[in-house]
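As structure tokens, the structure follows; a few thoughts come after it.
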């Protein structure tokens with residue numbers, strides 16, 4: 001269901017790029033995905049789909065996971081060995097808390113108010129998937145998020161390797177995968193209708209195609225680094241047979 005009006009607990013609901021060069025970043029993503037901006041909020045049509053705003057530190061995309069009760073979730077984070085960073089005062093839009101899981105991946109928990117998250121997903125130019133790439137023990141990561149979020153876990157064989165996914169209401173919503181060549185982080189995937197054309201546009205707009213479009217059983221994917229250095233992936237999802 002591409003149009004969303006709510007997210008169940010444990011589901012990635014928002015992606016936010018924080019960068020010291022927000023104006024340049026907005027120009028890049030506007031050119032790549034057709035986004036227009038109202039402040040930091042990226043819109044596709046009339047739907048909010050992500051955010052690109054000012055921030056300190058290395059430029060990076062941040063995944064937000066929806067929670068029903070932020071305080072209860074943070075209690076579980078601490079009990080499960082995670083570290084809780086800033087917890088800003090709540091606003092009408094919702095409450096957020098930044099945390100680091102036991103393997104060192106940063107992620108944001110979001111208790112929605114008036115802002116529940118992206119209003120459109122799984123369509124070209126919108127968030128389609130989130131994946132935790134971890135240098136730690138995958139089983140430890142799975143157990144941490146199961147405890148904090150109450151999600152289920154499904155493990156399948158993909159390209160002769162185990163691929164573990166979080167489930168909410170019986171549907172996969174995100175995945176955990178060993179990181180072999182990158183540091184531990186949550187990776188955001190954006191959908192595209194034509195991955196070769198999108199990869200060419202990345203280069204034209206000043207970004208870098210770190211991993212060229214590569215076929216997979218579920219459609220070709222590509223790894224991208226934007227002009228400021230933030231990484232994300234593109235996915236042209238295979239049409240159902």
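Every number in this text was worked out from the coordinates using simple rules, so none of it is lab data. Note that the coordinates shown come from a computational prediction; the quantities given were computed from them, not determined experimentally. Here the Cβ positions follow ideal geometry from the backbone for every residue, glycine too, while neighbour counts run over all protein chains shown.
Results, tabulated for the structure shown:
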quantity: Exposure proxy order (Cβ contacts within 10 Å, fewest to most) of 239, 76, 156; calculated: 239, 156, 76
quantity: Pair-distance profile P(r), taking every C-alpha pair of segment 47-131, with 10 angstrom steps and integer %; calculated: 15, 47, 34, 4
quantity: Spacing of the two label points (7 Å from each Cα toward its C-beta) at residue 3 and residue 86, in nm; calculated: 3.5
quantity: Within segment 12-112, percent of DSSP bridges classed antiparallel, to nearest 5; calculated: 75
quantity: Segment 101-191 - convex hull of alpha carbons, volume per residue in Å³; calculated: 122
quantity: Residue 100-residue 23 FRET efficiency (beta carbon distance; Förster radius 25 Å; 0.05 resolution); calculated: 0.30
quantity: FRET efficiency for residue 54 and residue 225, using Cβ-Cβ distance with R0 set to 25 Å, rounded to 0.05; calculated: 0.80
quantity: Where labels lie 7 Å past Cα in the beta-carbon direction, separation of residue 197 and residue 218 in nm; calculated: 2.4
quantity: P(r) of the chain over all Cα-Cα pairs, binned every 10 Å from zero, in whole percent; calculated: 7, 33, 39, 19, 1
quantity: Mean residue ellipticity (222 nm) of the chain, computed from DSSP H runs ≥ 4 via -39,500 (n - 2.57), nearest 500; calculated: -5500 deg cm²/dmol
quantity: Percent RCO, i.e. relative contact order, over the chain, from Cα pairs under 8 Å lying at least 6 residues apart; calculated: 20
quantity: Per principal axis, descending, Cα span of segment 127-235 in whole Å; calculated: 43, 25, 25
quantity: Contact order relative to length of segment 99-241, as percent, for alpha carbon pairs under 8 angstrom and 6 or more apart; calculated: 22
quantity: Order of 37, 144 under a 10 Å beta carbon neighbour criterion, fewest first; calculated: 37, 144
quantity: Packing-based exposure ordering (other Cβ within 10 Å, fewest first) of 19, 203, 216; calculated: 203, 216, 19
